[in-house]
Amino acid sequence: MKKILFILVILPLLTVSQNSYNMSLLGTYEWPTTEGNDIWGWVDPVSLNEYALIGLNDGFSCVNISNPTNPIEEFYISDMNTTWRDVKTWGNYAYITADVTANVGLLIVDLTDMTGNTYWHVTNFTNPNNSSSVEFTIAHNLYIDENGICYIFGAGSNTGSNPSDGAIFLDVAANAINPVYLGEWDDEYIHDGMVRGDTMYAGCINAGDLFIVDVSNKSNPVVLGTHQTPNAFTHNAWVSDDGNYVFTTDEKPDSYIGSYDISDMSNIQEIDRIQSNPESNSIPHNTHVDGNFLVTSWYRDGTTVHDISNPHNLVQVAYYDSYPGSGDGFDGCWGTYPFLPSGIIISSEINSSNNQTAKLMIYERGFSGACYLQGNVTDGSSGATIVGA
């Protein structure tokens, strides 16, 4: 019997540079006297122009990126200083939360006015159907679902009231500039999360768990399932398009993206985990599902992309390392947004080369789906299966 030896030779790609793989930089925009935080995108429904909405330590910026090689800031709104500012949109409005030091409530910006002069700070939210209400002046994050329900995460107040630091439910579809309070969930502190349909996927960072909550009844949310994440410091969570899987990040050094089968929410199963740069102590931040890809901001490792078409076997297919340093510092890439119709990916930089320079990064996709080699590996002498190979 002939024995055939297969040798797999992997050659380096000559087009790959040291700081990027399957992604190229199209353009940047800088704010040289402040640091950056989160980012979101918006498309003008009339002109179809695309915009980057950037949180800065000292305010909020709207940048026209329709020509990604020449981004232009349309307006900037100065606001109280904070390290944490997060942005989401509903219709023609941007909603911005600010945490810890800002005490400005919810900033609502009319994006049809590109002078930046039409905006409101709202701190008190009432339910017109009864006497219930809530007031908050700070919040860590927010998400707005497809029905125009805004979920405020990690809220607090400087007025002595006691708002939920889990999730507060506000209806922005009913009244964009005066949202209506619908209810809340306060079993755990939520650091970040997202909602699809009537299901909330919450990163409960202090508990170290992913929480999945039925929020169909805003006055009586029900926990459907929980699962501890790999490093027990659950930062954010995002559900797959088919609703069968969830992906999480832990905001700790040398942490993982976690992949979970949630087809049975009462019995959530972790099915894979992956790091961007093992043993470098780098810290993942926010991850987003974009079809068959997972696009993640990874602080000092930049913007990373993983193929999730097989959630049991995550494969990194692209990255752009925008920060010159490495390790476990909170520098470099804060957030990324992959959902613009043009296909470009936009990311926000906290700083650049250890100085106070916030930066918008605009990337072109060069990646495609991963290849898989699958089979059984056995010992050539004994024929026994090699465990773990």
May I ask you to derive the FRET efficiency for residue 126 and residue 33 from their Cβ-Cβ distance with R0 = 35 Å, giving the value to the nearest 0.05? 0.35
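So how strong a dipole does the range 236-389 carry about its Cα centre when Lys and Arg Cβ are +1 and Asp and Glu Cβ are -1, to the nearest 20 debye? Mind dumping the intermediate values first?
Working: 5 positive and 19 negative charges, 66 e Å.
Result for the range 236-389 is approximately 320 debye, rounded to the nearest 20.
May I ask you to order 129-138, 241-250, 310-319 by the average number of other C-beta atoms within 10 Å around their residues, highest value first? It would help to have the intermediate numbers written out before the result.
Numbers: 129-138: 16.0, 241-250: 19.9, 310-319: 18.3.
Those peptides, ordered most packed to least, come out 241-250, 310-319, 129-138.
How big is the Cα convex hull of the chain in projection, averaged over all directions, in nm²? Could you put the intermediate results ahead of the total?
Details: hull surface 87.1 nm².
Averaged projected area of the chain's Cα convex hull equals 21.8 nm².
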Zone residues, the range 179-201, relative to residue 223, backbone N less than 11 Å from point 7 Å out along Cα-to-Cβ: 186-189
Protein accessible area in the chain, 1.4 Å probe - carbon and sulfur %: 47
Longest DSSP-loop-exposure-free segment, trypsin sites (Lys or Arg not before Pro), the chain, at most 11 other Cβ within 10 Å: 4-389
Along Cα→Cβ, 7 Å out, is where each label goes; now give me the distance between the ones at residue 385 and residue 280 in nm to one decimal. 3.5
So with the 1.4 Å probe, I'd like the accessible area per residue for the range 14-154, rounded to whole Å². 40
Against the empirical 2.2 N^0.38 Å scaling, what ratio does the C-alpha Rg of the range 130-244 come to? 1.02
Calculate, in nm to one decimal, what residue 242 and residue 270 gain on full extension: separation in residues at 0.36 nm each, minus their alpha carbon distance. 8.4 nm
Is there a quick way to get the dipole size of the chain? I mean about its Cα centre, with the Cβ of Lys and Arg at +1 and of Asp and Glu at -1; what is the value in debye to the nearest 20? 880
Amide H neighbours of residue 293 at under 5 Å, excluding residues fewer than 5 places away on the same chain, with H built from the backbone geometry, are 308
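The values are calculated or read from the model by the stated rules, or taken from the named source; none is laboratory data. From a predicted model like this one, the values you see are computed outputs, not experimental measurements. Neighbour counts are summed over all protein chains in view; Cβ atoms, including those assigned to glycine, are modelled from backbone coordinates with ideal geometry. Protein only, heavy atoms only, side chains kept; ligands, DNA and RNA dropped before computing areas. Shrake-Rupley method; radii C 1.70, N 1.55, O 1.52, S 1.80 Å.
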